[in-house]
Amino acid sequence: MTDPSAAMQDPRTLLGEAFKRFRRHRLAVVSLALLVVFSLAAVLAPYLTPYTFDGQDVALLGMPTPPSLAHPMGTDHLGRDNATRVLYGARVSLLVGLLSALIATLVGTIVGALAGFYGGATDNVLMRATDVVLSIPLLPLVIVLSGFLRPNLYLLVLIIGVLGWMGTARLVRSQFLSLRGRDFVEASRALGGSGIRIMFLHMLPNALGPILVSTTLSVGGAILLESALSFFGFGVQPPTPTWGNLLNSSRDWLDIAPWIATFPGLFILVTVLAVNFLGDGLRDAFDPRM
Amino acid sequence: MNLTTFIVKRVLAAVPLLLGISIILFGVLHLAPGGPLDVYADIPGVSHEALENIKRELGLDQPVPVQYVKWLGAAVRGQWGYSIRTGRAVAKDIRERMPATFLLGGTAFVLALAAALPLGVLSAVRQYSLLDYTFTFLSFIGFSMPIFWLALMLQSLFAVHWQLLPSAGMYTIGDGGFADRLRHLALPASILSVAYMASWGRFTRASMLDVFGLDYIRTARAKGLGERTVIYRHALRNALVPVITIVALDFAGMISGAVITETIFAWPGMGRLFIESMNGRDYPVLMALLMIGSFALVAINLITDIVYSIVDARIRYD
């Protein structure tokens with residue numbers, strides 16, 4: 001009889017190996033845990049705080065108050081609890097970061113796959129288009145778009161996502177170029193597999209590791225971009241709190257209440273740092289040559 | 001193909017690229033709802049006819065493609081038009097702001113490079129040492145940093161709390177001496193350099209480690225050269241080639257990335273002009289600034305390509 005648990009004990013599967021390498025990157029593991037906690041806190045926000053994000057304490061109206069037991073990050077000049085506003089701000093920041101990274105990855109993967117698979121004129125046109133978008137400075141372009149369109153949350157996600165696909169497109173293209181001549185692709189072609197079938201069923205799974213890494217890293221970039229936009233007043237508009245627009249309104253009180261500015265920024269830094277460490281860990285896991 | 005034809009071909013290829021960029025930018029600016037005349041719309045004294053007249057004067061009543069062709073025709077002759085907000089020539093406005101941006105960007109560039117190169121080389125040479133780990137951790141913090149927040153925090157500490165440095169502007173009115181300008185420059189330039197310091201340092205480290213693995217380094221060691229000679233005379237030279245490309249491209253990005261720093265520190269450069277022009281939908285100024293930013297990226301890309309092909313004999317011109 002073969003022992004069924006023998007297969008379970010054998011860690012030498014592709015994913016098992018990757019998981020082992022990931023676990024060795026201690027900062028990445030800690031970062032993943034931290035991001036899970038942040039995401040849960042953002043989702044469960046209404047249950048975690050006795051205040052609402054726009055609820056005002058009339059007794060504290062007029063001046064910001066420093067951190068206290070009842071208000072661990074103090075209150076703002078309208079008597080609103082800063083900790084609650086930072087917590088609700090996490091919802092916007094994490095959502096925008098995640099969704100726009102997914103859009104960027106989707107667009108980039110499709111463009112890169114088509115360019116790398118078909119080559120020739122298709123490749124030429126798509127890569128010139130990539131060059132054009134890459135040659136426009138990102139931050140000013142995003143400021144113009146969101147300043148003119150006054151976007152809601154989802155339009156903002158679309159703007160950030162649609163302007164961030166170029167890196168992924170180049171990455172996927174180069175992966176596809178190197179996979180194009182491999183035997184399993186030839187085999188599928190010989191069996192009559194359609195272009196789309198070969199691209200997305202056979203080639204794409206082989207490129208998933210690097211794509212996952214670049215998606216993760218673009219989450220961090222998107223969070224920074226959204227908070228910069230909201231900081232300038234071109235992003236998500238108050239009263240919806242985001243880490244960026246909390247920082248914007250904190251500027252008026254910087255000299256007498258610097259703690260209002262400290263916390264939202266600290267959360268942006270820690271979140272983006274965690275995302276970048278996670279990306280580094282995933283790179284170790286899926287791309288051991290790096 | 002010889003070098004001259006290669007250069008000519010590359011320069012010619014940049015023309016359609018710039019055309020594509022200008023079409024996208026012009027479209028984005030002009031097709032978005034609203035326009036520069038929105039400010040007048042709510043004023044009761046301004047009649048509909050008066051608005052139509054201003055529109056006609058500014059050429060905004062014409063179809064966007066017609067406006068684009070006119071803009072392009074003027075732009076290639078060096079005519080960037082007049083600011084809707086101030087009525088001043090765009091070229092003059094921008095020329096006035098350029099020195100401030102280049103002073104800020106240039107200082108940040110030198111600062112970032114002066115820290116990144118030695119740190120990158122050192123942490124590659126002592127890979128997996130305490131110094132390497134510390135530098136790696138700090139550089140992750142560097143490129144995860146929301147620089148507008150760092151700017152606020154340092155402004156609050158150095159300018160408000162300790163009152164060591166001025167909080168905004170380029171010089172004190174009535175002073176403007178070298179020391180005064182240096183004190184105004186210190187905060188914005190250091191803040192602008194943080195992210196680049198981190199990423200160039202990491203890149204230098206990676207590039208050095210790549211070169212350390214090559215055969216010619218083993219040969220150099222095998223023939224008995226000292227470690228210093230191997231690292232600084234043999235490895236560093238080749239490791240710097242890819243670093244230079246990134247650094248050059250980032251310099252173009254730094255000029256447009258100065259938007260944030262210039263706004264927070266009221267630095268009278270092109271970035272602040274950009275934000276000021278955003279508020280009045282000043283199409284001609286916005287268009288000119290965006291084109292300058294894009295042109296800088298394209299030009300530096302082109303120059304590094306050409307320099308590469310001259311420096312590295314392995315690159316073929318095709």
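The values are calculated or read from the model by the stated rules, or taken from the named source; none is laboratory data. These numbers were taken from a predicted model, which means no experiment stands behind them. Positions of Cβ are generated from backbone atoms using ideal geometry, with glycine treated the same way; all protein chains shown enter the neighbour counts. Keep in mind that these areas ignore ligands, DNA and RNA; they rest on the heavy atoms of the full protein, side chains included. Shrake-Rupley method; radii C 1.70, N 1.55, O 1.52, S 1.80 Å.
Using modelled amide H (1.01 Å from N, peptide plane; none on Pro or chain starts), what sits under 5 Å from the amide H of residue B:82, excluding residues fewer than 5 places away?
B:90
What ranking of A:57, B:93 comes out by heavy-atom accessible area, probe 1.4 Å, highest first?
From most accessible down to least: A:57, B:93.
Per-residue mean of other chain beta-carbon atoms within 10 angstrom of the beta-carbon, peptide B:137-144?
Across the residues of B:137-144, the mean count of other-chain Cβ atoms within 10 Å is 4.
Could you state how much accessible area residue A:201 has, in square angstrom rounded to the nearest 10, with a 1.4 Å probe and all protein chains kept in place?
Accessible area, nearest 10 Å²: 100 Å².
Quick one: Karplus J couplings for segment A:109-117, per residue in order, coefficients 6.51, -1.76, 1.60, θ = phi - 60°, nearest Hz, x for Gly and Pro?
Along segment A:109-117, the couplings run 5, 5, 4, x, 5, 4, 5, x, 7 Hz.
For chain A, set up a Gaussian network in which alpha carbons nearer than 10 Å are linked by springs, and say which option among A:105, A:84, A:52 fluctuates the most.
Comparing A:105, A:84, A:52 in the GNM, the peak value goes to A:52.
Say each of residue B:79 and residue A:125 gets a label point 7 Å from the Cα, pointing the same way as Cα to Cβ; how far apart are those two points in nm?
3.6 nm
Kindly identify segment A:194-234 as rounded, prolate or oblate by the Cα gyration tensor criterion: order the square roots of the eigenvalues as a ≥ b ≥ c, call it rounded if a/c is under 1.5, otherwise compare a/b with b/c, prolate if a/b is larger, else oblate.
Oblate shape, in that a/c is at least 1.5 and b/c is the bigger or equal ratio.
Using only protein heavy atoms and a 1.4 angstrom probe, determine the accessible area buried between B and A, summed over both sides, in Å² to the nearest 100.
The summed interface area works out to 3500 Å².
Given 0.36 nm per residue, what is the gain on full extension from residue B:172 to residue B:238 after removing their alpha carbon distance, in nm?
19.2 nm
Excluding residues on the same chain fewer than 8 positions from residue B:9, give the aspartates and glutamates whose Cα lies under 13 Å from its Cα.
B:305, B:318
Step through the residues of segment A:160-172 one at a time and calculate ³J(HN,Hα) from phi using the Karplus curve (6.51 cos²θ - 1.76 cosθ + 1.60, θ = phi - 60°), rounding each to whole Hz and writing x for Gly and Pro.
In residue order, the calculated couplings are 5, x, 5, 9, x, 8, 5, x, 4, 4, 5, 4, 5 Hz.
What whole number of Å gives the distance from the Cα centroid of segment A:214-290 to the Cα centroid of segment A:24-43?
If you average the Cα positions of each part, the centres end up 15 Å apart.
Before anything else, pin down the relative contact order of segment A:224-282: Cα pairs under 8 Å, at least 6 apart, normalised by residue count, whole percent.
Relative contact order, segment A:224-282: 25 percent.
May I ask you to give the percent of accessible area on chain A that is carbon plus sulfur, with a probe radius of 1.4 Å?
67 percent
Under a 10 Å cutoff between Cα atoms, tell me which one of B:152, B:187, B:113 has the largest fluctuation in the Gaussian network model of chain B.
B:152
Just counting partner chain Cβ atoms within 10 Å, what average do the residues of peptide A:265-272 show around their Cβ?
The shielding value for this peptide is 4.
With an 8 Å cut-off on Cα pairs and a minimum separation of 6 or more residues, tell me the relative contact order of segment B:1-94 in percent.
This gives 16 percent for segment B:1-94.
Give the accessible surface of the protein assembly as shown per residue, rounded to a whole number of Å², with probe radius 1.4 Å and ligands, DNA and RNA excluded.
Value for the protein assembly as shown: 50 Å² per residue.
Amide H to amide H, which residues 5 or more places from residue A:75 or on other chains are under 5 Å from it, using H placed in the peptide plane?
It is A:65, A:82, by chain and number.
For residue A:184 paired with residue A:256, estimate the spin-label separation in nm (one decimal), with each label point 7 Å from Cα along the Cα-to-Cβ line.
6.6 nm
Of all alpha-carbon pairs in chain A, indicate the percentage at a distance above 32 angstrom.
40 percent
Name the residue farthest towards the positive end of the dipole of segment A:69-150 from the options A:104, A:69, A:87, assuming +1 on Cβ of Lys and Arg, -1 on Cβ of Asp and Glu, about the Cα centre.
Among A:104, A:69, A:87, the one farthest towards the positive end of the dipole of segment A:69-150 is A:69.
Relative contact order of chain B: what whole-number percent is it, with Cα pairs under 8 angstrom and at least 6 residues apart?
27 percent
Report the charge-dipole magnitude of the protein assembly as shown in Debye, nearest 20, computed about the Cα centre from +1 at each Lys and Arg Cβ and -1 at each Asp and Glu Cβ.
1800 debye
No solvent, one uniform scatterer per C-alpha: report log10 I(q)/I(0) for the protein assembly as shown via the Debye equation at q = 0.09 1/Å, two decimals.
-0.86
Magnitude of the Cβ-charge dipole of segment B:109-238, K/R +1 and D/E -1, about the Cα centre, nearest 20 debye?
520 debye
Residue by residue through segment A:82-89, what is 3J(HN,Hα) from phi via Karplus (6.51 cos²θ - 1.76 cosθ + 1.60, θ = phi - 60°)? Round to whole Hz and write x for glycine and proline.
5, 4, 5, 5, 5, 4, 5, x
Can you give the calculated 222 nm mean residue ellipticity of the protein assembly as shown, where each DSSP H run of n ≥ 4 adds -39,500 (n - 2.57) and the sum is split over every residue, rounded to the nearest 500 deg cm²/dmol?
-23500 deg cm²/dmol
Assuming 0.36 nm per residue, please report the length gained on full extension of the stretch residue B:127 to residue B:299 beyond their Cα-Cα distance.
58.3 nm
Excluding same-chain residues fewer than 8 positions from residue B:70, which aspartates and glutamates have a Cα within less than 16 Å of its Cα?
B:57, B:61
Within chain B, which DSSP H helices have Cα atoms that stretch 27 Å or more along the helix axis and a mean Kyte-Doolittle hydropathy of at least -1.0?
Taking the DSSP H segments of chain B (at least 27 Å long, mean hydropathy at least -1.0), we get B:3-31, B:90-125, B:178-212, B:236-264, B:283-311.
Evaluate the charge dipole of segment B:164-257 about its Cα centre and quote only its size in Debye, nearest 20, assuming +1 on the Cβ of each Lys and Arg and -1 on the Cβ of each Asp and Glu.
That gives a dipole near 480 debye.
Would you kindly state the longest site-free stretch of chain B, with sites defined as chymotrypsin sites (Phe, Trp or Tyr not before Pro) in a DSSP loop (not H, G, I, E, B) surrounded by at most 13 other Cβ atoms within 10 Å?
B:163-316
Counting only protein heavy atoms, what percent of the accessible surface of segment B:110-194 is carbon or sulfur at a 1.4 Å probe?
71 percent
Per-residue Cβ counts within 10 Å, from other chains only, averaged over A:138-147: what number is that?
Taking all residues of A:138-147 together, the mean is 6.
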